[in-house]
Amino acid sequence: MRKWLILMAAGALSVLLTGCMGAVPIDQRMLVQAVGIDWQEGQYQVTLQIFSPARKEGESAGQEVCSAAGEDLAECMRGIRLETGQELFLGNCRLVILSEPAASERTAEVVDYLLSDHELRPGTPLYLTEGEAAELLESPELPAEQLSEMMRSAAEAGLCPDSTLLTVVRSLESLGSTAALGRIEAGEAGGVQASGAVLLGPVGTAELTPEQWRGVSYFSGDSRQLEYTLDYKGGKLYTNIAPVQSRLTGGENPGELAFYLSVECTIQEYSGGTLNWDSAEVASVRAVAEQAVRRELEQGFAALRTAGADVICALETMEKFQPDFCRGRTPEAIFGSLVLRPEVQVNITALGAGAQASA
Amino acid sequence: MTKNHIGALPASALIFCCRIFYLLTYSPRGPEYGGSASMTAFLAAGLVSIGLCAVFWGLLRRCGASGLPELFHRQGRVFAAFCELAVLLVLTGSALSTVMNASGFLTSAVYPGAGAQITAAAAMLVCAYGAYSGIEAVSRMALPVAAVFVAGLAVAAAGIAREIQPAYFTFAGAEAVPQVLELFFQALYHNTEVLLFLLLTDKVRGAGTAVYARGVLGSMTFYQLSILLVTVTLGPFAYVRSYPIYSMLAAAELSVVTRLDIINLLVWILVAFVRGAAYLYCMVGCVRRLAPGLRRSHAAAGVGLGMTALAWYLCGSLDRGLELWELWSGAAPFLLSAAIILLSVLAALAAGKKVKSCENG
């Protein structure tokens, strides 16, 4: 008898305390795939690309777009909920796109709102666009999944940062108070163009070229393999370069930032004929590769310094290693006066099948 | 002689789980309190608590006692009742802060808008049932809970490794001494586990400082690792979050299991249960010593229902809960615990005689 009473009590607790009472059936949820936030004339416009299982004429298969305007983001989301009669679910959101005015003029408000939603993952990709975010998301040729994959491929190729809500917020809270974001623009042929940009606060953003961004990406310790084409002895040397180890420290002299980078290089092809792959040739190629990587590092750092955007934690590094240099100086003055001393070590690990050796 | 019910390893695991409870809601208030300042403070507080346990245990052994309750009765019933009531006060505060902290986290970070009262009341009832099941069951559960925590942290570290930025970790210099001291004393004051351990020593096989020390050293190790991980992955983002460890786990993703904040949630619930049940078990023991004629089941039911009602009342409004938290996050519980232990030792030494130890049942 006692056992049955306990079992009944356990069953009652299981039913009453599982939290099913407030459950929302899946067909009453809007599965948001992408969020676009624009800021124009003192108003927000939020555009959501949502997953729709039923096809409708004139819209992408499986996508619907809805938008609302309002004075704050909560009002916009509320407007969408009222219009559609469905609950929003942001747990499956693949990317968030901010227009430049929204990102630069309303940074704190936008970021705080995105962080306040516990369903939205901190690892959600966050990108910038010069035009309107709504335009990008309303395009039937660019579903969220495709946009997300394109930007991820661009980031893996080193053309833009792999910016997420976490990396942007973390960077904004750092001493530099700037953040690097991937910039996404609609291309003429229906695709997208990816590049990198740094957020400078209310003054706007500064664009980095893909080459400059690739130089900057080395500082993040990202170990992605990058394709490098080197000019060598009148021909082209096609290589893959993968960072292995990196270390950012204070330099020997005040105001110097020392960066040590070790990369592994695999030689794929040489278009200028055949080479005698002896130790001298390998050393020669190594020197060329080191020079190329160092040049990109310096160009990337120079671009950041010109823009006044510390997205590589240089200020934190200087505070740690050269606190006397930082004392009494503003972050802008410190970053603007830094001198980079890169040390690049290239380790050629393999010759690809196309690297022909002479007899 | 009271039968020993718990092995040394489960006892250490119990202490471990009780100690890591506050880690899961660790929150550096600012850069000067984060990173190495927190690590230094928590390490020092842990080592000091081991020292305190060694001293108190040595004093107990000098009195010829195998546990703290035995000392209470050496100066008569009135003194014993006074000590038991003081212990009951400390245990009540610790049990309430455990359940309310857990409820606050669940209804703030994980399920915003969920009912805090029903969550706290349900949690307290479950802990009461755990206490009724006996300290052996609770301590045996602590072992797998500790293992889940360790495994969960390892998986989370793998999932967040790509976000590590060593630049965010700086060593606290001399200018951080006031913050380190503040954190040190806060961590020391949170420690009512010395009292808990001394109340349970007559239930532990091979009880001694080593059992407590193993639990504390283990928890301290994971405090260091967790704080380091939060510091180098979230960086300054950690200072603007109420639950940065939870935020870190939400950002940690592995392709197979995606978000890892579910690990935080799972470990948190299990740890809160172990800690709450351990404190409630000791409360039942206190009540039975105050009222020796009371049956164990009745004492457990009374304590469980009473604490559930108290949790329900305190969670009814944020103000009431915060008042308790502000009182309990100060020096009161620690100083009261130390006072009880020292007073009873002095009284026992003054009594200068051994008496039969009371049955705890």
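The values are calculated or read from the model by the stated rules, or taken from the named source; none is laboratory data. From a predicted model like this one, the values you see are computed outputs, not experimental measurements. Cβ: placed from backbone, ideal geometry, glycine included. Neighbour counts: every protein chain shown. These accessible areas exclude ligands, DNA and RNA; they are computed on the full protein's heavy atoms, side chains included. Shrake-Rupley method; radii C 1.70, N 1.55, O 1.52, S 1.80 Å.
Using only alpha carbon pairs under 8 Å that are at least six residues apart, calculate the relative contact order of segment A:211-359 and give it in whole percent.
Averaging sequence separation for qualifying contacts and normalising by length gives 34 percent for segment A:211-359.
Taking 8 Å as the Cα distance limit and 6 or more residues as the minimum spacing, I'd like the relative contact order of chain A as a percentage.
This gives 13 percent for chain A.
So how long is each side of chain A along the principal axes, counting just the alpha-carbon atoms, biggest first, in Å?
83, 61, 58
Per the Kirkwood treatment, what hydrodynamic radius in Å, one decimal, follows for the protein assembly as shown from the mean inverse distance over all distinct Cα pairs?
29.1
So with the 1.4 Å probe, I'd like the accessible area per residue for segment A:195-354, rounded to whole Å².
Accessible area per residue: 46 Å².
Which semi-axis lengths, in whole Å and largest first, follow from the square roots of five times the eigenvalues of the Cα gyration tensor of segment B:8-346?
Over the Cα atoms of segment B:8-346, the semi-axes work out to 33, 23, 18 Å.
Just flag the GluC sites (Glu not before Pro) in segment A:248-325 sitting in loop per DSSP whose Cβ has no more than 10 other Cβ atoms within 10 Å.
A:Glu252
Under the Karplus relation 6.51 cos²θ - 1.76 cosθ + 1.60, θ = phi - 60°, what is the ordered set of whole-Hz ³J(HN,Hα) values for segment B:118-126, x standing for Gly and Pro?
5, 5, 5, 5, 5, 4, 5, 4, 5
With a 1.4 Å probe and all protein chains left in place, how much of the accessible area of segment A:28-208 comes from carbon and sulfur atoms, in whole percent?
Using a 1.4 Å probe with all protein chains present, segment A:28-208 comes out at 44 percent carbon and sulfur.
Hey, how much of the P(r) for segment A:28-208 falls beyond 20 Å, as a percent of Cα pairs?
Value for segment A:28-208: 49 percent of Cα pairs lie more than 20 Å apart.
Residues of segment B:278-346: accessible area per residue at 1.4 Å, in Å²?
48
Send over a whole-number figure in Å² for the accessible area per residue of segment B:110-214, probe 1.4 Å.
42
State the antiparallel share, in %, of DSSP beta bridges confined to segment A:28-208, rounding to the nearest 5.
Restricted to segment A:28-208, the bridges split so that about 70 percent are antiparallel.
Just to confirm a number: summing +1 for Lys and Arg and -1 for Asp and Glu over residues other than B:Phe16 whose beta-carbon lies under 13 angstrom from that of B:Phe16, what do you get?
Result for the local shell: +2.
Report, to one decimal in Å, the Kirkwood hydrodynamic radius for segment B:112-244 based on all distinct Cα pairs.
When all Cα pairs of segment B:112-244 are included, the Kirkwood radius is 18.4 Å.
For the protein assembly as shown, please report how many Lys pairs fall under 25 Å Cα to Cα, leaving out neighbours fewer than 8 apart on the same chain.
Lysine pairs meeting both conditions in the protein assembly as shown amount to 7.
What total accessible area, in Å², is buried where chains A and B meet, using a 1.4 Å probe and rounding to the nearest 100?
1900
What do you get for Rg/Rh of segment A:103-243 when both radii come from the Cα atoms and Rh is the Kirkwood radius?
Here Rg/Rh amounts to 1.00.
Loop only by DSSP, 10 or fewer other Cβ within 10 Å of the Cβ. Give me the trypsin sites (Lys or Arg not before Pro) in segment A:283-349 that pass, ordered by residue number.
In loop regions of segment A:283-349 (DSSP not H, G, I, E or B), the sparsely surrounded trypsin sites (Lys or Arg not before Pro) are A:Arg327.
How large are Rg and Dmax for segment B:256-331 when calculated on the C-alpha trace, in angstrom?
Radius of gyration, then largest Cα-Cα span, for segment B:256-331: 16.6, 56 Å.
Leaving out ligands, DNA and RNA, what percent of the accessible area of chain B is carbon and sulfur, probe 1.4 Å?
Of the solvent-accessible surface of chain B, carbon and sulfur hold 67 percent.
In square nanometres and to one decimal, what's the mean projected area of the convex hull around the Cα atoms of segment B:103-159?
Convex hull of Cα atoms, orientation-averaged projection: 4.9 nm².
In segment A:211-359, if every C-alpha pair distance is counted and binned at 10 Å from zero, what percent goes to each bin?
Bin by bin from 0 Å, the calculated values are 11, 38, 26, 16, 7, 1, 0.
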